[in-house]
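These notes are about the structure you will find just below.
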Amino acid sequence: MNITLHGWNLTFDYAAMLICILLLIWYFDKKRIPIDVSAFFVKFIISIFLCALSEVMAVELARMNVIGELGFNLLMSLYSFLASIISVVYASFLMVYLRVEKKHQRRIRFFLDTVLVLTFIIDILTPFTQIGFYFYGDSYEVGAFGGFYALLSLSTIVTSIGVVLKKRAEISNAKAVMLIVSVLFGSSMFVVQLAFTISLLTFGFALVALTLYNYIFNPAIYLDNLTNLYNKDCMRECLNIRFDNHNEFSILFIAMDDFKYINKTFGVDNGDNLLIQVGNYIRQVDGAELVFEYGSDQFAVICQETDEDKIYAMAETIQARFKHPWYTDSTVGAMMSASICCFKCPEDASNYGNLIEIMDYSMAMVKKTNKGGISKASELEVDKLRSEKEIEKAVKLAIDREELMVYYQPIFSIEKNKYNSAEALVRINDEQLGWISPEIFIPLAEKNGLIISMGNLIFKMVCQFIRDNNLAETDIEYIEVNISPVQLQQPDYYKKIIEIMEKYDVKPSQINIEITETANMVGASDVVNNNIEKLVEYGLTFSLDDYGSGYSNLDYINHMPFHIIKIDKFIVWDAFENIKAGITLEYTIKMLNALQYMIVAEGVETEEQKDQLANIGCHYMQGWYYSKAVSDKEFMQLINKAS
Ligand code: C2E
Ligand code: CA
Ligand code: CA
């Protein structure tokens, strides 16, 4: 034999094998995780193990003279081929893990497989021809076709790094670095091995496997500690796989009702125990393919069944169980209830984000209207949510592109017999949705918090309008701006208002703030009161909007620094339709006059309305009889013509 093998050190191969065995034990010790990438882990470990084993066997058997030079060379070819497989498995795993588009995956795989087949051919021929590598003394050299190994190595490195960089936005920085360092580390062992003839390759990959286990493959990452059910991370992966593959499936969403009372009544330990039992029960229901712990007291069940009636029947089975008490070691029998929503995918939702939105929304609806019941997406006005999302998008877009518009509706002073002020009303004209009514998008913006930035923008536009048109020189004494209670709930909101007014040189007397009477303004928080107080101190006046429509509370009005009361347009209209409503309005206005408020009548559409309302004591008129809300330019023309 030309080879001596004295200096070959197998310690690292043995260590790699040990790590692989440990990893497999840890991995199989826990519940199997039903996601595609899991299979890669086992493949990865087994190829590393076999790779190390083939080298160990080659060297040990040759040393013992059990095999000759050919046997040694054959085993070393196997070793070399398995080393190539390890890096291809890693690159393929990355593509699946990072959800690279299927058609790109197929292309990249085809390329990698082709190079792999070429190296396989070289590996097979090497023992006979030495084209891949050859051994002499204690060392080895790369053969004529050895470049192919470098090509394979380079291809997998480039693929892996490329994929990670492409999907950077979808993973955390730590994970991206970990995945890239892993591939570089694994491959660099190959170079170290060439340079120092220490067999480090399999050990390097075993360390990579250990790291991957820690970040990605440890089943504990995907299991709920308490119930040992799959957790939300696992649910996301499982659903993504199904959505990516365009699978049809159903999903049941089960939320315990008022579970905090169960915890209070029976104690948290018993509460936990009851949840475990509910989880176990759901797991064994016929048709439940995968059960997830979605939130602390919510479960999700994926089912292959797509027949709506069958899914509904399954929900009924689960619900029926809740008609009976649940027992733990130390509870006598707890009665619990759960609300269930059924969805069919991809009809009801076609991606993970969509589904979660719909689930959250539906569950909130069910809890309000059908607690403890079963609901289907079709009954839950999920379409409404979809259109809300579209409107939300349009509003965001309008803000980003500065396409928000502010229109002005003039307000007529009876005493001065001319327009003396105007109300600023926001407008959005979306490319796709057309004109959207503020009656629709303002409540949405209040719900999702967009009202804050939008409100500031509107206020800024109004101030800019006042300055640019030199309103101080016209009959228009002030502009009424609608401010949402949500805005007033921002600590130090008043500072923002003052800052904007100072920036545009607007005097406090030029702005009047309209706030609507709502239940949550009565007994308003300290923050709201403080904002109002500071703004009044600064010199702003306030109007109470939509008086009479909602939560009329005289005590509240008298305790708030309102200067103007705006009578809601529906109250005005009613007064002309209905005698009693007319009398009510007449006396209301008398009372408000006695309390020395200034009164604006809204929704004035006819001359008759105007005359009557003026007669009973309204000081200002606003409505289509005078003008609709118009753009800033039209508004300036309007008041210039009027004066
Ligand atoms: P609002 O504050 O009660 O505003 C009066 C609404 O009545 C306006 O509708 C106005 O165009 C309409 N209107 C005025 N006169 C007449 C009339 O004679 N007949 C009829 N049929 N309608 C009349 P708009 O502009 O659609 O605004 C609806 C609501 O949206 C407002 O009710 C207000 O609550 C909210 N809003 C509008 N702009 C803003 C804003 O800049 N900020 C905030 N927070 N809310 C706003
Ligand atoms: Ca208003
Ligand atoms: Ca109003």
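The values are calculated or read from the model by the stated rules, or taken from the named source; none is laboratory data. Bear in mind the structure is a predicted one, so any value in this text is a computation, not a measurement. Glycine gets a Cβ as well: all are built from the backbone with ideal geometry, and neighbour counts include every protein chain shown.
The figures follow:
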{"quantity": "Unmet requirement for Gly548, which otherwise passes all of (1) within 16 Å of ligand 1 (Cβ to nearest atom); (2) over 21 Å from Ile513 (Cβ atoms); (3) touching a strand residue (DSSP E or B) at 6+ places or on another chain (Cβ under 8 Å)", "calculated": "(2)"}
{"quantity": "Test result for Phe93, at pLDDT below 95, part of a helix (DSSP H, G or I) and buried (at least 20 other Cβ atoms within 10 Å of the Cβ)", "calculated": "yes"}
{"quantity": "Test: residue in segment 515-530 that is of a type outside the set (Lys, Arg), within 16 Å of ligand 3 (Cβ to nearest atom), within 26 Å of Met461 (Cβ to Cβ) and at pLDDT 95 or above", "calculated": "no"}
{"quantity": "Tally of residues being closer than 11 Å to Tyr547 by Cα and acidic (Asp, Glu) across segment 559-591", "calculated": "1"}
{"quantity": "Cβ pairs under 8 Å, 6+ apart, first in segment 588-602 and in a helix (DSSP H, G or I), second β-branched (Val, Ile, Thr)", "calculated": "Thr588/Ile567; Ile589/Ile567; Ile589/Ile599; Ile589/Ile616; Lys590/Ile616; Leu592/Ile565; Leu592/Ile599; Asn593/Ile599"}
{"quantity": "Residue satisfying all of: in segment 165-184; modelled with pLDDT of 90 or more and over 16 Å from Thr211 (Cα atoms); surrounded by the most Cβ atoms within 10 Å (Cβ to Cβ) among these", "calculated": "Lys167"}
{"quantity": "Helices (runs of 4 or more DSSP H) contained entirely in segment 442-550, each with at least 1 residues that are over 30 Å from Cys618 (Cβ atoms) and assigned by TED's automatic domain parsing to the domain that holds Tyr620", "calculated": "450-468, 493-503, 526-538"}
{"quantity": "Residues located in segment 611-630, provided they are touching a residue at least 40 places away in the same chain (Cβ under 8 Å) and within 13 Å of ligand 1 (Cβ to nearest atom)", "calculated": "Leu613, Tyr620, Met621, Gln622, Gly623, Tyr626, Ser627, Lys628, Ala629, Val630"}
{"quantity": "Matching option when the condition is closer than 30 Å to Ala642 by Cα, assigned to a helix (DSSP H, G or I) and in the same structural domain as Ile458 (by TED's automatic domain parsing), among Glu423, Glu403, Glu439, Glu415", "calculated": "Glu439"}
{"quantity": "Any pair with Cβ under 9 angstrom, 6 or more apart, that starts in segment 143-172 at a residue that is over 16 Å from Leu116 (Cβ atoms) and ends at one that is of a type in the set (D, E, K, R) and not in a loop (DSSP other than H, G, I, E, B)", "calculated": "Val164/Lys175"}
{"quantity": "Check on Phe562, within 16 Å of ligand 1 (Cβ to nearest atom), assigned by TED's automatic domain parsing to the domain that holds Met405 and at pLDDT below 95", "calculated": "yes"}
{"quantity": "Answer residue from segment 426-435, given it is assigned to a strand (DSSP E or B) and among the hydrophobic types (A, V, I, L, M, F, W, C) and is farthest from Lys460 (Cα to Cα) among those", "calculated": "Trp435"}
{"quantity": "Those helices (runs of 4 or more DSSP H) lying entirely in segment 114-213 with at least 2 residues in the same structural domain as His104 (by TED's automatic domain parsing) and over 23 Å from Phe41 (Cβ atoms)", "calculated": "147-166, 173-196"}
{"quantity": "From the options Lys43, Lys31, residue that is among the charged types (D, E, K, R), in a helix (DSSP H, G or I) and surrounded by fewer than 20 Cβ atoms within 10 Å (Cβ to Cβ)", "calculated": "Lys43"}
{"quantity": "Enumerated helices (runs of 4 or more DSSP H) restricted to segment 286-400, each holding at least 1 residues that are over 30 Å from Asn429 (Cα atoms)", "calculated": "308-321, 352-369"}
{"quantity": "Hits in segment 572-581 - residues which are within 13 Å of ligand 1 (Cβ to nearest atom) and either part of a loop (DSSP other than H, G, I, E, B) or at pLDDT below 95 (or both)", "calculated": "Phe576"}
{"quantity": "Pairs where the first residue, in segment 204-222, is surrounded by fewer than 18 Cβ atoms within 10 Å (Cβ to Cβ) and the second is part of a loop (DSSP other than H, G, I, E, B), C-beta under 9 Å, 6+ apart", "calculated": "Asn218/Lys30; Ala220/Lys30; Ile221/Ile33; Ile221/Asn231"}
{"quantity": "Residue in segment 437-446 that is among the charged types (D, E, K, R), within 30 Å of Ile639 (Cα to Cα), without any contact (Cβ under 8 Å) to a residue 40 or more places away in the chain and out of contact with any Phe, Trp or Tyr (no Cβ under 8 Å at 6 or more places or on another chain) present", "calculated": "yes"}
{"quantity": "Selection within segment 105-134 - in contact with a helix residue (DSSP H, G or I) (Cβ under 8 Å, 6 or more places away or on another chain) and under 26 Å from Val164 (Cβ atoms)", "calculated": "Gln105, Ile108, Arg109, Phe111, Leu112, Asp113, Val115, Leu116, Leu118, Thr119"}
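Here's the yes/no breakdown for (1) within 14 Å of ligand 3 (Cβ to nearest atom); (2) β-branched (Val, Ile, Thr); (3) at pLDDT 95 or above; (4) not assigned by TED's automatic domain parsing to the domain that holds Ile564:
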{"position": "Asn593", "(1), (2), (3), (4)": "no, no, yes, no"}
{"position": "Ile599", "(1), (2), (3), (4)": "yes, yes, yes, no"}
{"position": "Lys610", "(1), (2), (3), (4)": "no, no, yes, no"}
{"position": "Gly617", "(1), (2), (3), (4)": "no, no, yes, no"}
{"position": "Tyr620", "(1), (2), (3), (4)": "yes, no, yes, no"}
{"position": "Gly623", "(1), (2), (3), (4)": "yes, no, yes, no"}
